[in-house]
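Right, one structure below, let's go through it.
The values are calculated or read from the model by the stated rules, or taken from the named source; none is laboratory data. Keep in mind that this is a model prediction, so the values were computed, not measured. Ideal geometry is used to build each Cβ from the backbone, glycine not excepted, and the neighbour counts take in all protein chains shown. All accessible areas refer to the heavy atoms of the entire protein, side chains included, with ligands and DNA or RNA removed. Shrake-Rupley method; radii C 1.70, N 1.55, O 1.52, S 1.80 Å.
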Amino acid sequence: MPVEVASITQRADEGVSRLLQQQVLSWSEAWSKGDYENYIHAYSERFIPLDERKNFSEWKNIRKAKLKFGTGVKVTLDNVR
């Protein structure tokens with residue numbers, strides 16, 4: 001019986017890992033393409049910007065402008081695990 005539980009847990013962990021990798025890759029692709037909607041979708045409403053003087057809504061507006069007018073951004077990820 002313990003082997004079955006371990007096997008189920010391992011498969012669940014692998015599934016979560018694949019899902020997280022997929023989400024991070026989608027985020028990086030959206031950023032590289034300047035795709036604001038998919039980029040911002042990766043962030044939680046509870047996200048706290050590094051500049052704590054800005055709330056999430058203000059931060060989103062700034063990011064939208066930067067993505068719209070930014071050129072040449074290429075986000076690459078290595079060794080995503």
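For the chain, the direction-averaged projected area of the alpha-carbon convex hull comes to 7.2 nm². For the chain, with all protein chains in place and a probe radius of 1.4 Å, 54% of the accessible heavy-atom surface sits on carbon or sulfur.
Taking a sphere under 14 Å around the Cβ of Glu52 and counting the other residues whose Cβ falls inside, with K and R at +1 and D and E at -1, yields a net charge of +1. Based on Cα contacts under 8 Å between residues 6+ apart, the chain shows a relative contact order of 35 percent. Placing +1 on the Cβ of every Lys and Arg and -1 on the Cβ of every Asp and Glu, with no other charges, gives the chain a dipole of roughly 420 debye about its Cα centre. In this structure, the amide hydrogen of Val75, modeled 1.01 Å from its nitrogen in the peptide plane, lies closer than 5 angstrom to those of Ser32, counting only residues at least 5 positions away or on a different chain. In the full protein context, the chain carries 85 Å² of accessible surface per residue, based on a 1.4 Å probe and ignoring ligands, DNA and RNA.
Fully extending the segment from Leu20 to Glu58 would add 11.0 nm, taking 0.36 nm per residue of separation and subtracting the current Cα-Cα distance.
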